[in-house]
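Remarks on the structure that follows.
The values are calculated or read from the model by the stated rules, or taken from the named source; none is laboratory data. Just so you know, these numbers come straight off a predicted model, no measurement behind them. With ideal geometry, Cβ positions are generated from the backbone for all residues, glycine too; neighbour counts draw on all protein chains shown. Accessible surface is based on the protein model in full, side chains and every heavy atom, while ligands, DNA and RNA are left aside. Shrake-Rupley method; radii C 1.70, N 1.55, O 1.52, S 1.80 Å.
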Amino acid sequence: ANRAPTPAHPPSVSRDATATVGTFGRMNPPLRSEAARGVFERLRDGDVDVVATDHAPHTVAEKRQGLVDAPSGVPGVETLYPLLLESVRKGNLSLERVRDVVAANPASIFGIEGKGRIEPGADADLVLVDMTNPREIEAGALHGAAGWTPFEGLLGVFPELTTVRGDVVYERDPVTGAEAFGEPAGRNVREL
């Protein structure tokens, strides 16, 4: 029971799955009971302002340390946007809601000028996707060091091209699938 999960369920898992996922489901805040679920509906209905994730790059070996020693957290930063876009593709969420909760609202809440919108004078931070081309999430294809994902086997709509302030920082060849990375272009928002 203490192994990396390979779920055949939706991306939100309840505490009822802990027998299957073991310490791989250990996180803060903790998984809730099936009866307490409902965050997705609140997201869809506009009651959630921001969707974000930390990046908890705990390895399989670290997560297998047992209940007392296994670190809390799951890797999710690279799959957040693809999973939300897959919900759009399936008709369960609007593209405008995704835009708002991952870009527009965080920029507004934190007062980050030039971010979270596409308009003259904004920073041209863009993610281009092909909504007709979802791909299966595979731990081995992700870029983090964790080596596992709780979303293994689920579909996600991944970026084809990403720009930061107009500079290409990621591009995926649509024919070969080869990936190319530009120079890192991020800034620490605490220094803005």
Please report the equivalent ellipsoid semi-axes of region 22-181, computed as sqrt(5 x eigenvalue) of the Cα gyration tensor, largest first, in whole Å.
27, 21, 16
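At 0.36 nm per residue, minus the direct Cα-Cα distance, what do Glu119 and Val39 gain on full extension? Give it in nm, one decimal, please.
Details: separation 80, 0.36 × 80 = 28.80 nm, distance 3.08 nm.
So the chain would gain 25.7 nm between Glu119 and Val39.
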Here region 66-81 yields Karplus 3J(HN,Hα) values (6.51, -1.76, 1.60; θ = phi - 60°; whole Hz; Gly and Pro given as x) of x, 4, 6, 9, 5, x, 7, x, 10, x, x, 5, 7, 9, 4, 5
By average C-beta atoms within 10 angstrom, highest first, the peptides 131-140, 175-184:
131-140, 175-184
Non-local amide H neighbours of Glu160 (under 5 Å, H modeled in plane, Pro and chain starts lacking H): which ones?
Leu128, Val129, Asp130
Going by average Cβ density within 10 Å per residue, which order do the peptides 157-163, 46-52 take, highest to lowest?
157-163, 46-52
So what is the accessible area of region 48-192 per residue, in Å², with the probe set to 1.4 Å?
58 Å²
Out of the total accessible area of the chain (probe 1.4 Å, heavy atoms of protein only), what percent is carbon and sulfur?
54 percent
